[in-house]
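The values are calculated or read from the model by the stated rules, or taken from the named source; none is laboratory data. Values in this document were obtained by computation on a predicted structure and should not be read as measured data. Cβ sites come from the backbone with ideal geometry, for glycine too, and all protein chains shown count toward neighbours. Side chains are part of the model used for accessible areas, which takes the heavy atoms of the whole protein and leaves out ligands, DNA and RNA. Shrake-Rupley method; radii C 1.70, N 1.55, O 1.52, S 1.80 Å.
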Amino acid sequence: MSAAPADWPLWEVFVRARRGLTHLHVGSVHAPDAELALHNARDLHTRRGEGASIWVVPAEHITATDPDDKDAYFDPALDKDFRHPGHFELPEGVEHL
Amino acid sequence: MTRFDSVLRLGDDALVAAQRMAHWCACAPQLEEDVALANIALDLLGQARALLTYAGGIEGAGRDEDRLAYQRDEREFTNALLVELPDADFAVAVVKLLFFATYQNLLYQRLATGADTTLAGIAGKAVKETKYHVEHATRWTLRLGDGTVESRRRAQAAVDGLWPFTHELFEPDPLAPVDPAGLREPWAALVRPVLTRATLVVPDDDWRPTGGRVGLHTEGFGYLLGEMQSVHRAHPGARW
Amino acid sequence: MEHTDLAAQRPPGSELLAEQVDAAERDLLAAARPQRRAVGQASFDALIDGEHKVEPTDWMPEGYRAGLIRQIAQHAHSEVVGMQPERNWITRAPSLRRKAILLAKVQDEAGHGLYLYSAAETLGVSREWMLDALHEGRQRYLSFINYPTLTWADVGALAWLTDGAAVVNQVTLCRSSYGPYARAMVRVCREESFHHRQGFDALRVLAAGTPAQRAMAQDAVDRWWYPALAMFGPPHNRSTHSDRSMAWKIKRFSNDELRQRFVDICVPQAEVLGVRLPDPALRWNAERGHHDFTEPDWDELRRVVAGHGPCNRQRMDHRRRVHEDGAWVREAATAYAAKHHGGPQHSTAHQGAPAARQGLPA
């Protein structure tokens, strides 16, 4: 009993619900390899017809930002509101701009 | 061999296969596989319901899917022996699914373009389902055959035990919408390479058990039916 | 079509629960608004106080993490062990339509177990560790699962009452402060309402059926009512974990409040079904605006939780046997992956997984 093998690796699952939509992260599955990960993801995450396409990615291959670096990563973008069209005042009557 | 008989045997195959597969629910080697096998059982059950309903309609004697499933005895069931064999372990379930789903898929492909449009509709849906079943069974056959010493031993035992029963699937039936005899070659051309890749050996064709199509079943089949029909038969005429 | 006739027979009150799931999901999105920066305990407190969601790599008190692991694992185990009493009837379901519905339901429970194990894994524990804890008796599952399903009507009563109780409980967990748990629960609850409804539907047909079917339905309700009431846990003043879980917004309502809500929901549904709830003291109390009812036998609950219910040993033996019987299959797949895919990337991934999952819009 104690000889049970370690868990199969974790795969993150991304599902495209319909054509025209982007793949969204929906959860994860365990599987020993990519093929079975896709099968498992299909069986677990699209039982009610939720999917048109599935990606699986080994969880350990995802590189994520560190929450402690959140300020350094994301705050510098906060003061550049000129990147948003609402920053600019439009003269009365101007359209299609 | 009437049209009723030929649709009924398709329905019986699917029903009995579904009943065996449903036994795996909460018993699979991994939770993910519980979900996968239940999907397959649900597909098979859906095929059985459509086929039995259609058979009952052809017969025109007022028998619906439940009358046909629950109120016939062993001798009246016409499924192949292969699908009624018990799953001694996961290897038997996988190899049996490989053999059966490949057969079903080839048959449904041909029925899907056949003259009987109702049957073609049922088969068209089932082609997609059985394609997935074949893929699932193939992946697992490879993993069990080419996995560990223990898994190879079990997978080979499953192949040895089940292979003889595959012959019955292809017994000639010239009056059926698709004569299964013509499927043996394409079936072997699909199944043999999978077994070879899985390092498994095909046994000799020396024993060809048969009888299911005329209601001569294995002893264990009575228990399968007894279990399946017990509640329904205890309440004659009840609605569920 | 079966979908439409199930929809036509939804139990009174079920729309309300579905609306609450929708509202909780809207709150999940609303909770995503930016919050002030802080570190450690202060940042955690700010998240909780501001009704933000805590995410896997946020700092969190050890007790919060441990409490969540305990609760989510127990929930996952309940889904998985809870498959057993219902699978007991899949092969004997009295019509092919009921067989398909029941099989789909039990399959969903495996799926819910998987969603929940995943949510717990974001807290840095592996599924294998949780399963070991279950098999060794260090983690628990809901006590009602330790009662047997003796007739076909039990399938209906079990789903109507215990899934009904679960929905009442779980709808509130969609608002849990821990993001992955709240998100898993939104999915679970959406699917669970099918479970609840099919139970009601199966029972309704029996209760309107032959005398033998009616007797079977009433007998099943008689046996499942109190196990369902006990699902909300002991009264607040006896519960060991309640206060802290509520302060941390893992839990939102007391056991007693939820039990009362469940009783109030069930009474009109029982009337529609035409079954009697087995409590002579059950009556409307206009002053309180709630039904008075007899509490479950807490000593019995304690005995069942301690392992002395009718089926505790059977359930655990089954789980352990299935796990052991499956070991050779899992080993084979691992060995095959090692030969053909350069090996499974080994599962130290669990420690890395929470970090990797930060920022994923699960």
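If you check A:ALA31 against the conditions, is it farther than 23 Å from B:TRP140 by Cβ, surrounded by 13 or more Cβ atoms within 10 Å (Cβ to Cβ) and either touching a Cys at 6+ places or on another chain (Cβ under 8 Å) or not β-branched (Val, Ile, Thr) (or both)?
Spelling it out, it is not the case that A:ALA31 is farther than 23 Å from B:TRP140 by Cβ, surrounded by 13 or more Cβ atoms within 10 Å (Cβ to Cβ) and either touching a Cys at 6+ places or on another chain (Cβ under 8 Å) or not β-branched (Val, Ile, Thr) (or both).
So which residues in the stretch B:106-146 are within 14 Å of chain C (Cβ to nearest Cβ) and of a type in the set (Ser, Thr, Tyr)?
Listed by number, the residues that qualify are B:THR138, B:THR141.
Looking at the stretch B:223-240 only, could you name the residues that are surrounded by 16 or more Cβ atoms within 10 Å (Cβ to Cβ) and at the interface with chain C (Cβ under 7 Å from one of its Cβ atoms)?
Listed by number, the residues that qualify are B:MET228, B:VAL231, B:HIS232, B:HIS235, B:ALA238, B:TRP240.
Each row is one residue, and each column tells you yes or no for (1) in a helix (DSSP H, G or I); (2) touching a His at 6+ places or on another chain (Cβ under 9 Å); (3) of a type outside the set (A, V, I, L, M, F, W, C).
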residue	(1), (2), (3)
C:PRO278	no, no, yes
C:GLU295	no, no, yes
C:ARG303	yes, no, yes
C:ALA306	yes, no, no
C:PRO310	no, no, yes
C:ARG315	yes, no, yes
C:HIS318	yes, no, yes
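Is it the case that C:ALA153 is closer than 26 Å to C:GLU62 by Cα and touching a residue at least 24 places away in the same chain (Cβ under 8 Å)?
It is false that C:ALA153 is closer than 26 Å to C:GLU62 by Cα and touching a residue at least 24 places away in the same chain (Cβ under 8 Å).
Which condition breaks for B:GLY237 when tested against (1) modelled with pLDDT under 95; (2) on the phi < 0 side of the Ramachandran plot?
(2)
Would you call B:ALA157 outside any helix (DSSP H, G or I), on the phi < 0 side of the Ramachandran plot and surrounded by 14 or more Cβ atoms within 10 Å (Cβ to Cβ)?
Answer is no for this residue.
Which of the residues spanning the stretch C:42-54 are under 19 Å from C:SER245 (Cβ atoms) and open to solvent by 40 Å² or more (accessible area, probe 1.4 Å)?
C:ASP45, C:ASP49, C:GLU51
For the list (1) part of a helix (DSSP H, G or I); (2) open to solvent by 30 Å² or more (accessible area, probe 1.4 Å); (3) not hydrophobic (A, V, I, L, M, F, W, C), I need the number of the one condition that C:LYS249 fails.
Single failed check for C:LYS249: (1).
Kindly indicate whether any position in the stretch B:48-59 is farther than 30 Å from C:GLU128 by Cα and part of a loop (DSSP other than H, G, I, E, B).
Within the stretch B:48-59, none of the residues are farther than 30 Å from C:GLU128 by Cα and part of a loop (DSSP other than H, G, I, E, B).
Going by what's in this entry, would C:ARG92 be described as touching a residue at least 12 places away in the same chain (Cβ under 8 Å) and either within 7 Å of another protein chain (Cβ to nearest Cβ) or open to solvent by 20 Å² or more (accessible area, probe 1.4 Å) (or both)?
yes
Can you tell me which residue among A:VAL56, A:VAL29 is farther than 20 Å from B:ALA28 by Cα and assigned to a strand (DSSP E or B)?
So the residue among A:VAL56, A:VAL29 that is farther than 20 Å from B:ALA28 by Cα and assigned to a strand (DSSP E or B) is A:VAL56.
Considering every residue within the stretch A:70-82, establish whether at least one is open to solvent by 50 Å² or more (accessible area, probe 1.4 Å), within 26 Å of C:GLY124 (Cβ to Cβ) and among the basic types (Lys, Arg).
Looking for residues that are open to solvent by 50 Å² or more (accessible area, probe 1.4 Å), within 26 Å of C:GLY124 (Cβ to Cβ) and among the basic types (Lys, Arg), one finds at least one in the stretch A:70-82, hence yes.
Kindly check whether there is at least one residue in the stretch B:188-202 that is under 30 Å from C:LYS339 (Cβ atoms), of a type in the set (Lys, Arg), touching a residue at least 12 places away in the same chain (Cβ under 8 Å) and assigned to a helix (DSSP H, G or I).
Scanning the stretch B:188-202 turns up at least one residue that is under 30 Å from C:LYS339 (Cβ atoms), of a type in the set (Lys, Arg), touching a residue at least 12 places away in the same chain (Cβ under 8 Å) and assigned to a helix (DSSP H, G or I).
Checking B:GLY220 against (1) away from every other protein chain (no Cβ under 14 Å); (2) open to solvent by 20 Å² or more (accessible area, probe 1.4 Å); (3) touching a residue at least 24 places away in the same chain (Cβ under 8 Å), which test does it fail?
Among (1) away from every other protein chain (no Cβ under 14 Å); (2) open to solvent by 20 Å² or more (accessible area, probe 1.4 Å); (3) touching a residue at least 24 places away in the same chain (Cβ under 8 Å), the lone unmet condition for B:GLY220 is (1).
Determine, yes or no, whether A:HIS45 is within 17 Å of the chain's Cα centre (by Cα), more than 7 Å from chain C (Cβ to nearest Cβ), open to solvent by less than 60 Å² (accessible area, probe 1.4 Å) and closer than 27 Å to C:ASP58 by Cβ.
It is true that A:HIS45 is within 17 Å of the chain's Cα centre (by Cα), more than 7 Å from chain C (Cβ to nearest Cβ), open to solvent by less than 60 Å² (accessible area, probe 1.4 Å) and closer than 27 Å to C:ASP58 by Cβ.
If you scan the stretch C:213-271, which residues turn out to be closer than 16 Å to C:VAL168 by Cα and aliphatic (A, V, I, L, M)?
C:ALA228, C:LEU229, C:ALA230, C:MET231, C:ILE250, C:LEU258, C:VAL263, C:ILE265, C:VAL267
Only one of these is open to solvent by 70 Å² or more (accessible area, probe 1.4 Å), touching a residue at least 40 places away in the same chain (Cβ under 8 Å) and of a type in the set (Asp, Glu): A:GLU89, A:GLU12, A:GLU95, A:GLU60. Name it.
A:GLU60
Tell me the residue from B:ARG184, B:ARG152 that is open to solvent by 20 Å² or more (accessible area, probe 1.4 Å) and within 18 Å of B:ARG208 (Cα to Cα), please.
Only one candidate passes the filter, namely B:ARG184.
Where residues in the stretch C:95-134 are in contact (Cβ under 8 Å) with a residue 60 or more places away in the chain and of a type in the set (S, T, N, Q), which of them is surrounded by the fewest Cβ atoms within 10 Å (Cβ to Cβ)?
C:SER126
One residue is enough: does the stretch C:299-315 have a residue meeting the conditions at pLDDT 95 or above, within 14 Å of chain B (Cβ to nearest Cβ), on the phi < 0 side of the Ramachandran plot and open to solvent by less than 60 Å² (accessible area, probe 1.4 Å)?
So far as the stretch C:299-315 goes, yes, one or more of its residues are at pLDDT 95 or above, within 14 Å of chain B (Cβ to nearest Cβ), on the phi < 0 side of the Ramachandran plot and open to solvent by less than 60 Å² (accessible area, probe 1.4 Å).
Go over the candidates B:ALA36, B:ALA26, B:ALA50, B:ALA80 one by one and state the one that is within 8 Å of another protein chain (Cβ to nearest Cβ) and touching a residue at least 12 places away in the same chain (Cβ under 8 Å).
None of the others qualify; the one that does is B:ALA36.
Is the stretch C:169-186 home to any residue that is β-branched (Val, Ile, Thr) and buried (at least 24 other Cβ atoms within 10 Å of the Cβ)?
yes
Please go through the stretch C:55-64 and give me each residue that is loosely packed, with under 14 Cβ neighbours inside 10 Å and either farther than 16 Å from C:LYS251 by Cα or within 14 Å of chain A (Cβ to nearest Cβ) (or both), ordered by number.
Once the filter is applied, which keeps residues that are loosely packed, with under 14 Cβ neighbours inside 10 Å and either farther than 16 Å from C:LYS251 by Cα or within 14 Å of chain A (Cβ to nearest Cβ) (or both), the stretch C:55-64 yields only C:GLU62.
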